[in-house]
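Data block below; observations after.
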Amino acid sequence: MDQDFVGLASDCQYWLQKLSAWDQSSTLETQKDTCLYLPQFQEFLRQMYEALKEMDSNTVMERFPTIGQLLAKTCSNQFILAYDESQKFLIWCLCCLINKEPQNSGDSKLNSWIWGLLSHILSTFRFDIKEIGLFSQGLGYEPVDYYPALLKNVVLSLVSKLRESHLNGFNTQRRMAPERVASLSQVCVPLVTLPDFEPLVEGMLTYHGHEPQEVLCPAFFEAVNEAFLLKKISLPTPAVVSLWLRHFPSLEKAMLHLFAKLISRERNSLRRIECFIKDSLLPQAACHPAIFRVVDEMFRCALLETDGAPEVLAATQVFTHCFVEALEKENKQLRFAFKTYFPYTSPSLATVLLQHPKDTSQLSCRHFWLLQRISQMLREAVEDQACGSCVDPFESWFLFIHFGSWADMAAEQLLRSETEAPVAALLWLLAFYYRPLDSSQQRAQTMVVLSRLQLLMLSRSTPLSAKELQAATGEGSNADPTQSVCGQLIRHLFLNFLLWTPGGRTIAREAITLMACTDEITYEIIGFLDQTLYRWDYLCSEAPRSAKLARELLQELQAQV
Amino acid sequence: MEPLLQQLERFSEVLSVSGTAHVSTWGPETVRRALDWARYLRHVARRFGGHARIRSAVERRLRSLWGPEGRGLTSFQALGRGDVQLFLSLLRNRALGEAAGRALLLQLLPGAGPRDADAEELQARLARLARYRAALLLLREAGSPGGERPALAEDPVLLTQAQLLLGRLREAREAEAGDPGGWLGRVWTRAPRDHFLQVAAVALLQPLEKELGASGPETPGEESQLLVRWLLEQSEVLAAFCRHLPAELLTSVAGRHPALSRAYLGLLTDWGARLHYDLQKGTWVGAESQDVPWEELLLKFRSLWHAPPPLQEEVLAALESSRARGGDFEVPGLSVWTDLLLALRRGER
């Protein structure tokens with residue numbers, strides 16, 4: 001216990017020095033410095049209170065002789081008093097110093113001095129002109145009555161000045177000087193979490209001065225972003241978008257914050273992931289191409305770093321889905337061409353991929369045709385030697401995986417087509433989706449395997465048993481470790497079969513039990529079922545028996561792990 | 001109901017007393033009990049805020065207690081703030097004894113009062129007040145560097161005080177022994193005069209619905225009408241109002257309130273009539289030192305000249321009829337009205 005106090009005592013000295021330095025002058029530099037240390041100082045005050053509340057006056061004076069000086073200096077530092085909960089901890093510390101049983105005049109003096117300090121920080125705000133304070137008192141009003149109203153009026157007056165300044169263009173008289181806006185933004189740093197300040201924060205974020213460089217101070221952006229991510233403040237979407245456009249580190253931080261939530265140990269369902277993503281306002285912000293590129297870049301990096309981990313893949317797909325929704329709701333006038341969002345691939349490919357079908361209850365010819373088209377375009381981009389290195393195959397794949405539901409649809413189509421429809425395109429698409437780095441030869445081999453499986457599953461002659469099916473799929477994977485992802489593809493094909501065909505549904509449970517031999521595979525199957533149900537919900541497809549079965553299987557598997 | 005209303009009365013008294021020297025007789029127990037009482041009433045206010053009958057009964061009783069000083073409780077909403085008001089009133093009071101003072105300050109520590117699940121504790125609200133104060137000080141620095149004051153009509157401080165004035169006026173109007181006119185008179189005698197005039201002017205410029213503390217659907221604009229009527233009745237105040245406030249502000253106010261614009265023009269006409277032409281100086285001068293000088297008169301008229309239509313026409317009509325009465329001269333130097341019109345028209349080109 002004593003060691004803690006030693007640390008605290010030296011902290012006391014440190015902070016006393018800092019406060020003295022801040023006291024000396026009130027330039028923009030000292031203000032910036034003060035704002036940097038606000039959170040740490042608050043923590044110090046809190047720790048101080050925890051220590052002081054256990055002690056009596058004499059011990060306090062022994063251990064922390066300079067505490068009185070420190071607290072007094074704090075009382076005159078408006079930045080500290082304006083920040084978060086610092087004023088609360090300060091008041092508590094002061095109260096702890098009160099001598100509850102004063103023995104002599106020295107003790108009484110101390111108490112009276114503390115009284116003075118507390119009065120000072122809670123006292124009526126004396127404006128420049130003494131008459132004003134007297135007037136309010138003359139009317140019989142107390143600060144508690146009119147501070148909130150006064151603050152509101154001051155905030156509104158500043159907001160309208162900013163707006164005027166914005167609208168008045170070259171009329172320099174009505175403009176707020178850039179230095180003033182800058183110092184205003186610095187002053188707002190401790191105050192962004194005060195609800196009454198929201199209009200001003202919003203006003204400053206949407207204020208565009210006439211200077212070429214950014215006028216608001218970076219600490220302001222950071223404070224607002226932090227408050228927004230921790231949900232201590234709520235801002236309208238345009239203000240948040242403006243924040244991220246003007247201050248790149250804030251956007252990065254917001255993305256990292258989102259990633260931390262999405263990729264946790266909990267293996268969230270896609271519905272929950274969608275909630276997190278929509279909540280973050282990033283999809284709406286991404287309608288602005290500059291922001292979209294940054295966000296996309298982060299997804300790209302994450303995929304590369306994790307070697308295409310399924311969680312990241314799923315997150316990318318859900319994000320894209322939310323993004324497309326937001327884009328559609330966006331004002332038509334502000335629409336950018338698709339190629340601004342996806343500059344590394346052919347624009348026509350992006351356009352086709354974005355034509356998301358709304359309803360797959362009847363997998364119509366149109367969908368089939370679209371899949372053919374997508375497959376063809378990708379194939380050309382990836383395998384066509386004439387084009388050479390125009391488009392990096394990874395980029396094509398990266399674009400494709402944004403719209404992962406096409407691959408799922410290809411798998412469904414494979415197992416629902418009863419005619420001799422040309423399925424080569426679908427097979428290629430699936431092989432490419434799961435194994436983008438294969439050479440054309442390897443891909444061709446995979447396609448052969450898939451084709452064989454498809455025929456097996458669709459053959460009506462003999463109903464298959466679970467064991468037979470497993471044996472069949474076992475053929476597809478050798479001991480070769482590079483075939484592990486191919487195994488994933490085969491399992492997904494298999495699962496589609498189980499859900500879509502009557503024959504499959506009867507042996508579904510048995511087959512899955514056989515398949516789910518490891519935890520990893522079980523999680524994979526759970527992910528697949530979750531994704532399929534999510535997609536069906538969104539597409540309002542009517543497949544009651546399949547959906548019911550999928551839901552039941554999902555519940556059973558989740559209970560197992 | 002009646003016990004509650006009686007407690008209300010007694011607490012209101014306690015609150016009034018808390019600002020006086022009488023508190024020197026209070027001990028720590030008294031302070032604690034008074035605060036407990038305040039907390040209880042706050043709890044009542046929160047629970048029955050939505051209950052129309054109770055609320056109106058409370059407000060009726062408070063109106064009957066209404067004192068012109070505005071001490072004590074004045075509205076239902078004030079019940080919710082009673083504890084903070086009491087605390088601050090005692091904090092400011094130098095007459096409070098040492099032991100009682102200690103007991104008061106110790107209320108600031110967390111957990112000092114009984115826990116109320118959904119209400120913010122006293123100490124949290126006081127801490128927030130400290131935060132507001134710091135915010136206002138910071139904004140004052142940033143908003144007006146070098147101490148420049150904003151235009152009067154836009155000054156948030158004046159605006160807030162105008163809202164307070166209108167709020168009090170409404171309470172005075174509704175109270176049983178109200179006498180809003182008398183109350184205004186008292187404020188006028190005690191307050192710094194220029195400041196009072198500025199606040200009154202800003203109050204008259206307020207849009208009709210926005211009055212601080214408006215709790216129900218009152219007839220909007222009644223308070224402004226009250227203020228106008230009072231101003232018109234008090235010739236001394238009206239004269240000071242029209243003389244000492246900036247021309248632009250007066251024009252805006254006159255534009256809003258036709259009765260005032262007539263009175264204003266009347267005064268200007270009287271003042272103009274007191275001027276005579278001094279041949280040596282070549283300008284119009286007043287007979288006595290407190291007469292309104294020519295330049296000031298011109299300034300005021302110029303501002304009115306540029307006012308929006310109804311007022312502008314009124315001004316033109318007044319000037320022309322004055323000129324006609326004065327002999328309808330065209331040549332400068334013979335009638336102050338001619339010269340005014342000439343100067344105003346000249347200024348336009």
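The values are calculated or read from the model by the stated rules, or taken from the named source; none is laboratory data. All figures in this text were calculated on a predicted structure; none of them were measured in a lab. Note that each Cβ is placed from the backbone with ideal geometry, even for glycine, and that neighbours are counted across all protein chains shown. The accessibility values were calculated without ligands, DNA or RNA, using every heavy atom of the protein model including side chains. Shrake-Rupley method; radii C 1.70, N 1.55, O 1.52, S 1.80 Å.
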Residue check, A:Leu251 at pLDDT 90 or above and hydrophobic (A, V, I, L, M, F, W, C):
yes
Checked region A:174-218 for anything open to solvent by 10 Å² or more (accessible area, probe 1.4 Å), outside any loop (DSSP other than H, G, I, E, B) and either within 14 Å of chain B (Cβ to nearest Cβ) or in contact with a strand residue (DSSP E or B) (Cβ under 6 Å, 6 or more places away or on another chain) (or both); matches are A:Pro178, A:Glu179, A:Arg180, A:Ala182, A:Ser183, A:Val189, A:Pro195, A:Asp196, A:Glu198, A:Pro199, A:Gly203
Test for B:Ala263: is it surrounded by 16 or more Cβ atoms within 10 Å (Cβ to Cβ), within 23 Å of B:Glu154 (Cβ to Cβ) and hydrophobic (A, V, I, L, M, F, W, C)
no
So, first residue more than 7 Å from chain B (Cβ to nearest Cβ) and assigned to a helix (DSSP H, G or I) in region A:126-150, second residue modelled with pLDDT under 70 and open to solvent by 60 Å² or more (accessible area, probe 1.4 Å), Cβ within less than 6 Å, six or more apart or across chains; the pairs are A:Gly133/A:Arg126
Reported set for region A:520-550 where residues are at pLDDT 80 or above, over 29 Å from the mean Cα position of the chain (by Cα) and open to solvent by 30 Å² or more (accessible area, probe 1.4 Å) is A:Lys548
- Regarding A:Ile114, is this residue within 14 Å of chain B (Cβ to nearest Cβ), surrounded by 15 or more Cβ atoms within 10 Å (Cβ to Cβ) and hydrophobic (A, V, I, L, M, F, W, C)? yes
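Of all the residues that make up region A:501-519, how many are within 36 Å of the chain's Cα centre (by Cα) and either small (Gly, Ala, Ser) or open to solvent by less than 90 Å² (accessible area, probe 1.4 Å) (or both)?
Total satisfying the criteria: 4.
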Checklist line | Some residue of region B:203-214 being out of contact with any Cys (no Cβ under 8 Å at 6 or more places or on another chain), facing chain A (nearest Cβ under 8 Å) and at pLDDT below 85 | finding: yes
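So which of A:Pro249, A:Pro289, A:Pro283 ends up being surrounded by fewer than 15 Cβ atoms within 10 Å (Cβ to Cβ) and either over 15 Å from A:His402 (Cβ atoms) or outside the structural domain of A:Phe528 (by the TED database) (or both)?
That would be A:Pro249, the only listed residue that is surrounded by fewer than 15 Cβ atoms within 10 Å (Cβ to Cβ) and either over 15 Å from A:His402 (Cβ atoms) or outside the structural domain of A:Phe528 (by the TED database) (or both).
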Taking region A:60-83 and the residues there that are open to solvent by 40 Å² or more (accessible area, probe 1.4 Å) and more than 16 Å from A:Trp15 (Cβ to Cβ), the one that is nearest to the other protein chains (Cβ to nearest Cβ) would be A:Met61
In region B:29-41, residues that are open to solvent by 30 Å² or more (accessible area, probe 1.4 Å) and under 11 Å from B:Gly82 (Cβ atoms) total 3
Going through (1) touching a strand residue (DSSP E or B) at 6+ places or on another chain (Cβ under 9 Å); (2) more than 19 Å from B:Tyr277 (Cβ to Cβ) one by one, B:Gly347 fails only at (1)
Residue pairs qualifying under the 7 Å Cβ cut-off, at least six apart or on distinct chains, with the first in region B:192-206 being assigned to a helix (DSSP H, G or I) and open to solvent by 10 Å² or more (accessible area, probe 1.4 Å) and the second being of a type in the set (A, V, I, L, M) and modelled with pLDDT under 90, are B:His195/A:Ile132; B:Gln198/B:Leu152; B:Gln198/B:Leu158
Here the residues within region A:41-60 that are under 13 Å from A:Lys100 (Cα atoms) and either part of a helix (DSSP H, G or I) or touching a Gly at 6+ places or on another chain (Cβ under 9 Å) (or both) are A:Ser57, A:Asn58
Selection over region B:92-113 where residues are aliphatic (A, V, I, L, M), open to solvent by 10 Å² or more (accessible area, probe 1.4 Å), outside any loop (DSSP other than H, G, I, E, B) and facing chain A (nearest Cβ under 7 Å) yields a count of 1
Of (1) modelled with pLDDT of 85 or more; (2) within 14 Å of another protein chain (Cβ to nearest Cβ), B:Gln77 satisfies every one except (1)
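Quick grid of which residues meet (1) in a loop (DSSP other than H, G, I, E, B); (2) surrounded by fewer than 18 Cβ atoms within 10 Å (Cβ to Cβ):
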position: B:Ser224; (1), (2): no, no
position: B:Arg229; (1), (2): no, yes
position: B:Ala239; (1), (2): no, yes
position: B:Glu248; (1), (2): no, yes
position: B:Thr251; (1), (2): no, no
position: B:Trp271; (1), (2): no, no
position: B:Val292; (1), (2): yes, no
position: B:Glu313; (1), (2): no, yes
Return yes when B:Trp26 is closer than 15 Å to B:Gly82 by Cα and at pLDDT 85 or above and no when it is not. no
In region B:318-345, residues that are open to solvent by 60 Å² or more (accessible area, probe 1.4 Å) and under 29 Å from B:Arg256 (Cβ atoms) total 3
Scanning region A:86-111 for residues that are facing chain B (nearest Cβ under 7 Å) and not hydroxyl-bearing (Ser, Thr, Tyr) gives A:Gln87, A:Lys88, A:Ile91, A:Trp92, A:Cys95, A:Ile98, A:Lys100, A:Asn111
